[in-house]
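The values are calculated or read from the model by the stated rules, or taken from the named source; none is laboratory data. What you see is a predicted model, and the numbers here were worked out from it, not measured in a lab. Virtual Cβ from ideal backbone geometry, glycine too; neighbours counted across all protein chains shown. Note: accessible area is taken over every heavy atom of the protein model, side chains too, but ligands, DNA and RNA are not part of it. Shrake-Rupley method; radii C 1.70, N 1.55, O 1.52, S 1.80 Å.
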Amino acid sequence: MTDGLRVRLRLDRGAFQLDVDLDLPQRGISALFGHSGSGKTTILRAIAGLERAPGGYVALGSEVWQDDARFVPVHARALGYVFQEASLFPHLSVRANLDFGRKRVPAQARRFALEPVAALLGIEGLLDRRPDGLSGGERQRVAIARALLASPRLLLMDEPLAALDLRRKQEILPYLERLHEELAIPIVYVSHAPDEVARLADHLVLLDDGKAVASGPLTDTLARVDLPPAFADDAGVVLETTLAGHEEDALSRLEFAGGALLVGRRREAVGTHLRCRIHARDVSLALERPHGSSIVNRLPAVVTAVAATDTPGHVLVQLRIGESPVLARITARSRRELGIAPGQQLWAQIKGVALLT
Ligand SMILES: Nc1ncnc2c1ncn2[C@@H]1O[C@H](COP(=O)(O)OP(=O)(O)OP(=O)(O)O)[C@@H](O)[C@H]1O
């Protein structure tokens with residue numbers, strides 16, 4: 001038994017077969033990531049009890065929602081479900097919408113109070129408005145608050161940003177980020193947007209055709225080189241960094257476990273935690289410390305693994321810079337010419353660093 005969420009499901013739908021066995025942590029955001037039709041929504045629905053997977057097992061800590069002997073109905077599972085489109089009651093104010101879920105929970109069993117949840121999602125100023133006067137992003141924040149006020153022990157989110165345009169997505173992301181820092185309940189978050197997953201997830205499950213091909217902490221999972229080809233194209237790692245200072249020439253310095261990176265000047269305060277993503281295609285390798293290169297980020301690295309990709313003529317190289325894993329995608333020819341092999345010390349040149357804020 002674990003303290004987190006245990007999910008074992010098998011479903012045969014003819015052309016589609018789901019077969020997963022997941023052990024997700026009790027805190028933080030676990031992202032289910034995969035292409036369309038890989039089974040993300042089906043898993044979420046089965047966790048909620050909206051889908052019956054005979055012979056399956058679903059348990060949150062010691063609370064078993066499904067096993068061979070029982071199937072707890074959806075309304076008796078302490079969970080919140082946030083969909084792509086916020087389904088708020090149009091004739092009720094935001095406050096009344098929020099109260100709807102809250103009042104169904106006995107006062108002594110309430111886990112969250114209205115004010116802190118409204119503050120967490122930045123909707124204090126919207127409480128007397130009607131949903132039809134809100135933007136898509138605001139509606140979604142209200143929907144998340146409503147789900148939380150029903151005192152769930154688990155929050156399920158199915159592509160909550162998919163229906164929003166880029167600006168609204170940017171507006172809502174900081175609030176979602178706060179959820180995993182401040183909530184002591186697990187969140188299972190379905191997405192097929194790599195940047196969203198890289199920014200929000202703590203734990204990552206990669207789904208391919210109904211199977212979980214990887215499941216583990218985000219940074220370790222993204223750094224794997226043994227994933228199916230479908231994931232190799234977009235390969236890249238996430239680094240947890242701290243803004244350490246500003247340079248004189250409009251650059252800022254980010255420190256991570258085992259090194260530092262320079263990026264364009266940031267406005268955040270020194271000490272701010274920043275997540276960044278480094279695509280494998282933006283990392284090149286050199287045997288000696290590069291001279292005469294315009295790339296400012298040149299870091300000593302050790303090769304830990306080399307794997308083929310499905311892009312003809314390319315390989316994926318797994319490196320360690322200090323304690324942090326990084327991936328580089330280079331041509332098979334360069335690999336041959338440089339004699340790249342595990343254990344080798346070399347230099348990684350990082351052409352691009354995407355700040356996930
Ligand atoms: N009720 C159903 N009956 C039969 N097949 C279904 C049913 N619901 C879903 N499927 C099939 O199961 C597979 C997985 O669907 P699912 O919606 O879980 O994928 P997904 O990863 O969430 O996709 P998307 O990102 O497009 O939402 C698909 O092939 C889908 O057609």
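What FRET efficiency do you get for residue 165 and residue 257 if R0 is 35 Å and r is their Cβ-Cβ distance, rounded to the nearest 0.05? Present the calculation step by step, with values, prior to reporting the outcome.
Details: r = 36 Å, r/R0 = 1.02.
FRET efficiency, residue 165 to residue 257: 0.45.
How much area per residue is accessible in region 1-109 when the probe is 1.4 Å and only protein heavy atoms are counted (Å²)?
On the way: 5620 Å² over 109 residues.
That works out to 52 Å² per residue.
Assigning unit charges at the beta carbon (Lys, Arg +1; Asp, Glu -1) and nothing else, what dipole magnitude in debye, to the nearest 20, does region 236-355 show about its Cα centre?
On the way: 15 positive and 11 negative charges, 59 e Å.
The calculated dipole for region 236-355 is roughly 280 debye.
Could you calculate the contour length gain from residue 113 to residue 293, that is, 0.36 nm times the residue separation minus the distance between their Cα atoms, to one decimal place in nm?
On the way: separation 180, 0.36 × 180 = 64.80 nm, distance 5.55 nm.
Taking 0.36 nm per residue and subtracting the Cα distance, the gain is 59.3 nm.
In region 103-253, what percent of the accessible surface is made up of carbon and sulfur (1.4 Å probe, ligands and nucleic acids excluded)? Let's see the in-between values first.
On the way: 2930 of 6320 Å².
Ligands and nucleic acids excluded, carbon and sulfur give 46 percent.
Reported to two decimal places, what Rg/Rh ratio describes region 162-261 when computed on Cα atoms with Rh from the Kirkwood expression? Kindly include the intermediate steps, with their values, before the conclusion.
Details: Rg = 15.9 Å, Rh = 15.8 Å.
We get a ratio of 1.01 for region 162-261.
Counting only protein heavy atoms, what percent of the accessible surface of region 17-96 is carbon or sulfur at a 1.4 Å probe? Walk me through the numbers on the way to the answer.
Details: 1820 of 3640 Å².
The value for region 17-96 is 50 percent carbon and sulfur by accessible area.
How much accessible area per residue does region 236-355 have, counting only protein heavy atoms and a probe of 1.4 Å, in square angstrom?
On the way: 5930 Å² over 120 residues.
Spelled out: the 1.4 Å probe surface of region 236-355, per residue, equals 49 Å².
Just name one of 221, 73, 173: the one whose Cα is farthest towards the positive end of the charge dipole of the chain (beta-carbon charges, Lys/Arg +1, Asp/Glu -1).
The listed residue farthest towards the positive side: 73.
If the only charges are +1 at each Lys and Arg Cβ and -1 at each Asp and Glu Cβ, what is the size of the charge dipole of the chain around the Cα centre, to the nearest 20 debye? The partial results should precede the final answer.
Values: 44 positive and 43 negative charges, 93 e Å.
Using only the charged Cβ atoms, the result is roughly 440 debye.
Mind putting a number on the dipole of region 121-271 about its Cα centre? Charges go on the C-beta only, +1 for Lys and Arg and -1 for Asp and Glu, and I need it in Debye to the nearest 20.
Details: 17 positive and 26 negative charges, 112 e Å.
So the magnitude is around 540 debye.
Given the rule -39500 (n - 2.57) for each run of at least 4 DSSP H residues, summed and divided by the residues of the chain, what is its mean residue ellipticity at 222 nm, to the nearest 500 deg cm²/dmol?
Numbers: 9 runs with 79 residues, N = 357.
The helix contribution divided over the chain gives -6000 deg cm²/dmol.
At 1.567 mPa s and 4 °C, plugging the Kirkwood radius over alpha-carbon pairs of region 5-231 into Stokes-Einstein gives what diffusion coefficient in µm²/s?
Numbers: Rh = 18.1 Å.
Calculated translational D: 72 µm²/s.
When a/c reaches 1.5 or more, the comparison of a/b and b/c decides; with that in mind, is region 236-355 rounded, prolate or oblate per its Cα gyration tensor?
Numbers: a/c = 2.14, a/b = 1.89, b/c = 1.13.
Here region 236-355 falls in the prolate category.
Put +1 on the Cβ of each Lys and Arg and -1 on the Cβ of each Asp and Glu in region 236-355; which of 342, 262, 242 then has its Cα farthest toward the positive end of the dipole?
My answer, from the dipole projection, is 342.
Measure off, as a whole percent, the carbon and sulfur share of the 1.4 Å-probe accessible area of region 260-313, all protein chains present. Walk me through the numbers before you get to the answer.
On the way: 1490 of 2890 Å².
Roughly 52 percent, rounded to a whole number.
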